[in-house]
Amino acid sequence: MISVAIDGPSGAGKSSIARRVAARLGYTYVDTGALYRAIGLFAHRNGIDDTDEAALAPRLGEIKVELFYRDGKQHVVLNGEDVSEDIRKPEMSMAASNVSALPAVRAFLLDLQRQMARDYNVIMDGRDIGTVVLPQADVKIFLTASAEDRAMRRYKEFLGRGENISYEEVLEDINRRDYNDSHREIAPLRPAEDAILLDTTGNTLEQSLDLVERTIRERLQSK
Ligand code: DC
């Protein structure tokens with residue numbers, strides 16, 4: 001099985017790019033952020049403080065997270081309910097970032113992610129795929145862009161979904177999450193030593209897609 005790891009900060013275009021490149025290559029796209037979002041949603045719905053490991057850890061046994069694919073789109077199922085839309089609410093971003101800093105949550109999701117890579121050719125996107133989840137990945141890409149570019153992308157996504165949020169709020173959220181995700185003690189956001197760094201600032205989606213696809217094909221060929 002072939003594994004491609006794509007890591008990078010929030011809003012760098014990882015999911016849009018990884019999903020489309022996976023379709024071009026015929027691989028399964030695994031959006032691991034969605035798994036952390038599902039845990040964040042569980043905490044939120046059950047009134048559990050998403051920063052409180054002592055409160056959340058004993059409840060993880062009640063959680064079953066599954067992924068399925070329809071029309072090339074990943075769906076996330078939390079205890080039998082398709083929560084793919086609920087996890088995209090703006091407030092779930094911070095909840096996901098908070099639960100993702102808890103070691104018990106990271107350990108809980110590790111097996112599921114590795115199992116996906118054992119079963120399928122995958123393009124997996126996240127923060128620690130190349131460093132922790134799949135250190136043996138065939139290709140590792142670290143995708144980034146300026147915070148302003150990333151915030152603008154997210155802002156447009158929210159607008160398209162009718163969310164009432166300002167660009168400034170989205171930028172602030174991006175900056176807070178960048179800090180959170182790269183300063184946590186466990187599996188912080190950082191490029192793997194053997195990752196290829198790609199910066200998509202100013203690119204159109206099409207340009208970034210071509211860049212990522214070309215990079216993957218070249219790296220696989222040279223192996
Ligand atoms: O990619 P996203 O915005 O859906 O991710 C939501 C949060 O989950 C993000 O703030 C960091 C965390 N995350 C993580 O810690 N490790 C991953 N592999 C994926 C996401």
From phi via Karplus (6.51, -1.76, 1.60), per-residue ³J(HN,Hα) for the stretch 3-17 in Hz, x at Gly/Pro: 10, 10, 9, 10, 10, x, x, 4, x, 6, x, 3, 5, 4, 6
ALA187: net charge of surrounding residues, Cβ under 13 Å, Lys/Arg +1, Asp/Glu -1, itself excluded? 0
Which residue, GLU66, GLU206, GLU91, has the most motion in a Gaussian network model of the chain that connects Cα atoms within less than 10 Å? GLU206
Please give the net charge around HIS75, taking every other residue with its beta carbon less than 15 angstrom from that of HIS75, where Lys and Arg add +1 and Asp and Glu add -1. -1
As an exercise, identify the trypsin sites (Lys or Arg not before Pro) in the stretch 134-216 lying in DSSP coil whose Cβ has no more than 16 other Cβ atoms within 10 Å. ARG161
Whole-Hz Karplus ³J(HN,Hα) for the stretch 150-160, in order, using 6.51 cos²θ - 1.76 cosθ + 1.60 and θ = phi - 60°, x for Gly and Pro? 5, 5, 5, 4, 4, 4, 5, 4, 4, 4, x
Kindly provide the helix-only [θ] at 222 nm of the chain, computed as the sum of -39,500 (n - 2.57) over DSSP H runs of four or more divided by all residues, to the nearest 500 deg cm²/dmol? -15000 deg cm²/dmol
Which of these, ALA34, ALA57, ALA95, has the largest mean-square fluctuation under a Gaussian network model of the chain (Cα springs below 10 Å)? ALA57
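Each reported figure results from applying straightforward, stated rules to the coordinates on display, with no laboratory input. Just so we're clear, the structure is a prediction, and the values are computed from it rather than from any experiment. Because the Cβ atoms are built from the backbone with ideal geometry, glycine has one as well, and the counts that use them run over all protein chains shown.
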